[in-house]
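Down below is the structure, laid out as structure tokens.
Values in this text are rule-based calculations from the coordinates and carry no lab data. A quick note: this is a predicted structure, and the numbers were derived from the prediction, not measured. All Cβ positions, glycine included, derive from the backbone under ideal geometry; neighbour counts span all protein chains shown.
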Amino acid sequence: MSSERELQISPIVQEAVMNNSKTLYNLQSLTASLFGVGAGILGLESYSGFLFYVVCSLLTTMLFYVLRVAPTSLPSGKAAFDASRYFRSQFEFWTGGLMNGLAGFILTWTLFYGLVRA
Amino acid sequence: MTSPPVQLQAITPSLPTRRDKAVAPFRIMTWISKTITLLGAVLLGHACYSAQEHSALQSFKAATTTLTSTSAVASLPIDIAIETVVATLVILLGLVLGTRPLRPIQWNVWAGKIEREGEEGFLDSEGEMNRDFVGNPFSFLETRPGFVDIRKQRKEFAGWIKNSGPQ
């Protein structure tokens, strides 16, 4: 792979990568629980609940991109929706939230569904 | 050879003053994000309580009047649904605003940011210095000793030997 050579030419700061991915991971875990509360109150069931989660999770990443990544990424010459200034893997940035928070979402979803509809 | 400790003493006291200047905008950002999150949490709590009350009322109605169908239990009033969605979005906005600032991952961009902004670019949302902040990667270039003129030193040494050496 030529990525080894590219890494030699333009090195990556590991601690910055750690800091950014931890920030995103914390946000996604927290918001996934929040979406679970919302889905439980709305009384969503089966597929509509998971659809709600997918939409909200993508919305979270979108909002994070608009508020945190875009203000400094766009002036530095990156294309729109390109988070490579802060994240190594674009695919992971956009879809990582779907897997990160799923467990927390289901937990609070079932909990609040049971609480509201007791 | 005594110059490095002197420079260190000159650098160290300047750090707290820089940090104090940078604290204010981060405090304001944190305050805004916490207020928004709290507002959303109040809305969400209200929506949750409303939904619970509605559900209890529906089941009570269903128990007292056997004529009505039980399908009404599942449907939530539209205002509670709207309140839930709005509250979720408000909390989401507050949480996103409260995230720590990101750092560039490419070494040249990262080092250039430190060079331009100093420590202020690397404070977290509480205005505190991050523990893993390593400082300016170019500082060793700025604090290293200058070049040594070895020929001049040899000449001086030779002169010193000539004057005071053979006795």
How shielded is A:11-23 by partner chains, expressed as the average number of their Cβ atoms within 10 Å of its Cβ atoms?
6
In whole angstrom, the spacing between the Cα centers of the range A:81-95 and the range A:1-69 equals 10
Mean Kyte hydropathy of 0.0 or more with a Cα span along the axis of at least 20 Å, helices from DSSP in chain A:
A:14-42, A:46-64, A:102-116
Leaving out same-chain residues fewer than 8 places away, which lysines sit with a Cα under 25 Å from that of B:Lys162?
B:Lys152
If you place +1 on the Cβ of every Lys and Arg and -1 on the Cβ of every Asp and Glu, how big does the dipole about the Cα centre of the range A:15-117 come out, in debye to the nearest 20?
160
Counting only Cα atoms, I'd like the Rg/Rh figure for chain A, Kirkwood definition for Rh.
1.10
Quick note on B:Thr35, B:Thr65, ordering by fewest other C-beta atoms within 10 Å, gives B:Thr65, B:Thr35
Kindly put B:Tyr49, A:Tyr86 in sequence by how many other C-beta atoms sit within 10 Å of each C-beta, fewest to most.
B:Tyr49, A:Tyr86
Fewest-first sequence of B:Arg103, B:Arg144 by Cβ atoms within 10 Å of each Cβ
B:Arg144, B:Arg103
Taking placed amide H atoms and a strict 5 Å upper bound, the residues 5 or more places from B:Leu102 or on another chain that come that close are none
To make sure I understand the rule: partners must be lysines, Cα under 26 Å from the Cα of A:Lys22, and not fewer than 8 residues away in the same chain. Which ones qualify?
A:Lys78, B:Lys34, B:Lys113
Shielding of B:140-151 by other chains, given as the mean Cβ count within 10 Å, works out to 0
When Cβ neighbours within 10 Å are restricted to other protein chains, what is their mean count per residue of peptide B:83-90?
4
